[in-house]
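Reading through the structure tokens given below for one structure.
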Amino acid sequence: MAKDVMELIESEFGVPAGQKLTIVQGDKVRMTVSFDYLGPAKTVTIRYSIGNRIVGVFNELAFNRGSVNLPASDTWKTYSYYMDISTSALSPGTDYDVEAKVEEYVSDTLVKIDNVIDVVKPGFRNFQIVSYEKV
């Protein structure tokens, strides 16, 4: 039996859409999209983005994109694609937002989820001298 998209995201990528993901600055985030398509064969570009939404305006800070070849179909077919996004351009902070869209059909496909990624700074913690002795 095939896994549905939410099971796939949850089991292989950590969290389902809408839940918080905490990463270390520089990690890659894998974003997965799913959609139904009916129509002629075409090639489209899916854009996957991380950023901040301020007063309704999305400030894209990291993204990746990829072309997808959709075959002709006279019935609705479900597709699922993913792309990895480098987060090295993100500053440590909380509540980053994500967006995904088909660039050629933004008004039909733009999806937004706010406040779902927290970025922590890489570094050391609890570094201490634990003993010293004569040898």
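Nothing in this text is a laboratory measurement; each read-out follows from the coordinates by a stated rule. The structure presented is a predicted model; accordingly, all values stated were derived computationally and were not measured. Heads up, the Cβs are rebuilt from the backbone with ideal geometry, glycines too, and the neighbour counts pull from every protein chain shown.
Among I129, I113, I85, I23, which comes first, second and so on when ranked by fewest other beta-carbon atoms within 10 Å?
With the sparsest Cβ surroundings first, the list reads I129, I113, I23, I85.
If you restrict to DSSP beta bridges whose two residues both lie in the chain, what percentage is antiparallel, to the nearest 5?
The antiparallel fraction comes to roughly 90 percent.
What shape does the range 13-85 have by the C-alpha gyration tensor, where a ≥ b ≥ c are the square roots of the eigenvalues, rounded means a/c under 1.5, and otherwise prolate means a/b greater than b/c and oblate the rest?
In terms of gyration-tensor shape, prolate.
For the range 76-86, in order, what is each residue's ³J(HN,Hα) by Karplus, 6.51 cos²θ - 1.76 cosθ + 1.60 with θ = phi - 60°, in whole Hz (x at glycine and Pro)?
5, 10, 9, 10, 9, 9, 9, 8, 8, 10, 6
At each listed q (0.09 Å⁻¹), what is the log10 of I(q)/I(0) that the Debye formula gives for the chain modelled as equal alpha-carbon point scatterers?
Each listed q corresponds, in turn, to -0.35.
How long is the gain from S107 to N59 if the chain were fully straight, where each residue apart is worth 0.36 nm and the alpha carbon distance is subtracted?
15.5 nm
Within the range 37-126, report the trypsin sites (Lys or Arg not before Pro) that DSSP leaves as loop and that have at most 11 other Cβ atoms within 10 Å.
R125
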